[in-house]
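Participant: Following this message is one structure expressed as structure tokens.
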Amino acid sequence: MTRTPPSGEQRIVLTLDAGGTSFRFSAIAGDRVIEQGVTLPSRGDDLAACLSQIIEGFSRVREAAGGAIAALSFAFPGPADYADGVIGDLGNLPAFRGGVALGPMLEDHFGVPVFINNDGDLFAYGEALYGLLPEINGMLAAAASPRRYRNLLGVTLGSGFGGGIVRDGELFLGDNGAAGEIWLVRNKLDRGWPSEEGAAIRAVRSVYARRAGIAADDAPEPSVIASIARGESPGDAAAAREAFRLLGEVAGDAIANAITLLDGLIVVGGGLAGAGGLFLPELVAELNGTLALVSGQEVPRLELSAFNLEDDGERRRFVSARPREIRVPGSDRTVTYDPEKRTGVGLSRLGTSRAISLGAYAFAVRKLDERR
């Protein structure tokens with residue numbers, strides 16, 4: 001059964017948004033941030049200094065929130081043994097090498113449980129409990145549809161290509177804490193690359209530079225490329241549109257592989273989600289594409305029909321689809337039959353950072369309740 005998010009929850013959990021250059025700390029109770037604004041340089045090239053910054057940031061936000069906290073729960077880059085709180089060799093925080101027991105250190109210092117996950121997992125969990133999943137189920141209920149969704153694939157498109165899986169309201173982490181690592185699915189356009197090389201900020205900039213005939217270092221940031229694609233800023237509009245089209249194609253191919261095994265809704269977040277209008281049509285088209293058999297026959301890429309939930313017409317069709325009654329042979333009895341299996345793809349309803357924070361909070365409260 002799908003779990004509902006905490007209601008009226010008052011326990012305070014401290015969270016951290018960990019980036020390569022800065023750490024942003026906050027305190028959350030229930031579904032609201034009660035204290036934020038503590039931001040410190042990460043000092044990621046010096047382990048002692050970096051750990052000191054983490055302790056300092058959590059200490060300051062704890063004091064600002066009133067002192068009494070139930071847990072720390074946050075996303076941190078991997079590779080890591082998240083269950084045991086041990087961080088491995090990080091690219092954007094190079095001081096972490098050889099295994100750093102960050103979680104146990106913070107438990108010793110603050111005297112409360114510490115829960116660490118990756119951002120893709122917590123993003124998916126936040127959207128499953130508070131964002132896209134309940135919104136779509138609410139629309140289905142309002143339309144008197146009997147269908148409800150319990151599973152969600154969350155992906156983040158930004159500096160990397162992250163993923164997380166929520167199955168029947170549970171965050172699915174896998175036996176090694178390595179579930180949802182969609183960035184390692186093969187890249188459709190270059191089978192020797194991971195999909196992340198075609199579904200991240202660097203991919204958008206690289207394609208734009210190549211198509212526009214400029215040096216890679218001269219390529220603008222994706223927000224500018226998106227503005228060029230929309231005709232709002234000067235530049236090579238055709239190159240800009242192609243950069244986002246290829247992003248949608250590569251991401252769509254990887255998502256198709258993942259959703260084949262999961263079967264649920266799909267939510268997209270991350271820094272590139274603001275350009276969703278430029279790549280979602282291609283992404284959904286990839287999900288609705290075909291594969292060829294040896295015989296030459298074509299079969300649908302998915303058993304599911306995919307709908308762009310950001311398109312008004314497609315969203316109405318997705319919500320209003322109805323099963324039909326069919327007669328049981330040899331009987332007057334009828335049963336309900338829905339011949340069309342469906343998935344929907346939508347953008348983050350919470351914003352990526354807030355989804356991660358709320359996912360971290362809900363994860364901590366769930367684990368605390370299990371320990372009672």
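Participant: I'd like to know if segment 58-73 contains one or more residues that are over 26 Å from ILE12 (Cα atoms) and among the polar types (S, T, N, Q). Walk me through it before giving the result.
Facilitator: Initially, segment 58-73 is screened for residues over 26 Å from ILE12 (Cα atoms), giving none.
Scanning segment 58-73 turns up no residue that is over 26 Å from ILE12 (Cα atoms) and among the polar types (S, T, N, Q).
Participant: Is there any pair linking a residue in segment 81-99 that is on the phi > 0 side of the Ramachandran plot to one that is of a type in the set (A, V, I, L, M) and open to solvent by less than 70 Å² (accessible area, probe 1.4 Å), with Cβ under 8 Å and at least six apart or on different chains, and which?
Facilitator: Hits for this filter: GLY85/ALA101; GLY85/LEU102; GLY85/LEU106; GLY85/VAL114; GLY85/ILE116; GLY99/VAL86; GLY99/ILE87.
Participant: Turning to a different aspect of this structure: Could you please tell me which pairs satisfy a Cβ distance under 6 Å, a separation of 6+ or placement on different chains, a first residue in segment 130-152 that is over 11 Å from GLY169 (Cβ atoms), and a second residue that is charged (D, E, K, R) and open to solvent by 50 Å² or more (accessible area, probe 1.4 Å)?
Facilitator: Cβ pairs passing all conditions: GLY131/ARG349; LEU132/ARG349; GLU135/ARG349; ASN137/ARG148; LEU140/ARG147.
Participant: Okay, moving on. Kindly indicate whether any position in segment 68-81 is in contact with a strand residue (DSSP E or B) (Cβ under 9 Å, 6 or more places away or on another chain), among the aromatic types (Phe, Trp, Tyr) and closer than 24 Å to LEU347 by Cβ. Spell out how you get there, then give the answer.
Facilitator: Residues of segment 68-81 in contact with a strand residue (DSSP E or B) (Cβ under 9 Å, 6 or more places away or on another chain): 68-81.
Going one step further and asking which of them are among the aromatic types (Phe, Trp, Tyr), we end up with 74, 76.
Retained after the next criterion (residues that are closer than 24 Å to LEU347 by Cβ): 74.
Within segment 68-81, one or more residues are in contact with a strand residue (DSSP E or B) (Cβ under 9 Å, 6 or more places away or on another chain), among the aromatic types (Phe, Trp, Tyr) and closer than 24 Å to LEU347 by Cβ.
Participant: Restricting to segment 216-236, count the residues that are in a loop (DSSP other than H, G, I, E, B) and either small (Gly, Ala, Ser) or within 26 Å of the chain's Cα centre (by Cα) (or both). Reasoning before the result, please.
Facilitator: So in segment 216-236, the residues in a loop (DSSP other than H, G, I, E, B) come out as 219-221, 230-236.
With either small (Gly, Ala, Ser) or within 26 Å of the chain's Cα centre (by Cα) (or both) added as a condition, the list becomes 219-221, 230-231, 233, 235.
Number of matching residues: 7.
Participant: Just to verify a result, which residue in segment 351-372, among those that are surrounded by 24 or more Cβ atoms within 10 Å (Cβ to Cβ) and among the small types (Gly, Ala, Ser), is farthest from the chain's Cα centre (by Cα)?
Facilitator: ALA364
Participant: Here's something else I'd like to know. Could you check segment 67-88 and list, in sequence order, the residues that are surrounded by 21 or more Cβ atoms within 10 Å (Cβ to Cβ) and part of a strand (DSSP E or B)?
Facilitator: ALA71, LEU72, SER73, PHE74, ALA75, ALA80, ILE87
Participant: Only one of PHE76, PHE123 is at pLDDT below 95, under 18 Å from the mean Cα position of the chain (by Cα) and closer than 28 Å to ALA273 by Cβ; which?
Facilitator: Values: PHE123 fails: at pLDDT below 95.
Criteria check complete, one pass: PHE76.
Participant: I need every pair where a residue in segment 216-229 that is over 9 Å from ARG205 (Cα atoms) has its Cβ under 9 Å from the Cβ of a residue that is of a type in the set (D, E, K, R) and open to solvent by 10 Å² or more (accessible area, probe 1.4 Å), sequence separation at least 6 or different chains.
Facilitator: Note: pairs meeting the criteria are ALA226/GLU232; ILE228/ASP236; ILE228/ARG241; ALA229/ARG241; ALA229/GLU242.
Participant: Right, here's the next one. Which one is modelled with the highest pLDDT among residues in segment 1-41 that are basic (Lys, Arg) and either under 21 Å from the mean Cα position of the chain (by Cα) or within 18 Å of ASP119 (Cα to Cα) (or both)?
Facilitator: Step one: of segment 1-41, the residues basic (Lys, Arg) are 3, 11, 24, 32.
Next, only the ones that are either under 21 Å from the mean Cα position of the chain (by Cα) or within 18 Å of ASP119 (Cα to Cα) (or both) stay: 3, 24, 32.
Values: ARG3: 47, ARG24: 90, ARG32: 80.
Filtering segment 1-41 for residues that are basic (Lys, Arg) and either under 21 Å from the mean Cα position of the chain (by Cα) or within 18 Å of ASP119 (Cα to Cα) (or both), the one modelled with the highest pLDDT comes out as ARG24.
Participant: Mind checking which residues of segment 183-213 are outside any helix (DSSP H, G or I) and not hydrophobic (A, V, I, L, M, F, W, C)? Outline the logic, then answer.
Facilitator: Looking only at segment 183-213, we keep the residues that are outside any helix (DSSP H, G or I), and these are 185-194, 199-200, 213.
The answer is ARG186, ASN187, LYS188, ASP190, ARG191, GLY192, PRO194, GLY213.
The values are calculated or read from the model by the stated rules, or taken from the named source; none is laboratory data. These numbers were taken from a predicted model, which means no experiment stands behind them. Cβ sites come from the backbone with ideal geometry, for glycine too, and all protein chains shown count toward neighbours. To get the accessible areas, we keep the full protein, side chains included, count just its heavy atoms, and leave off ligands, DNA and RNA. Shrake-Rupley method; radii C 1.70, N 1.55, O 1.52, S 1.80 Å.
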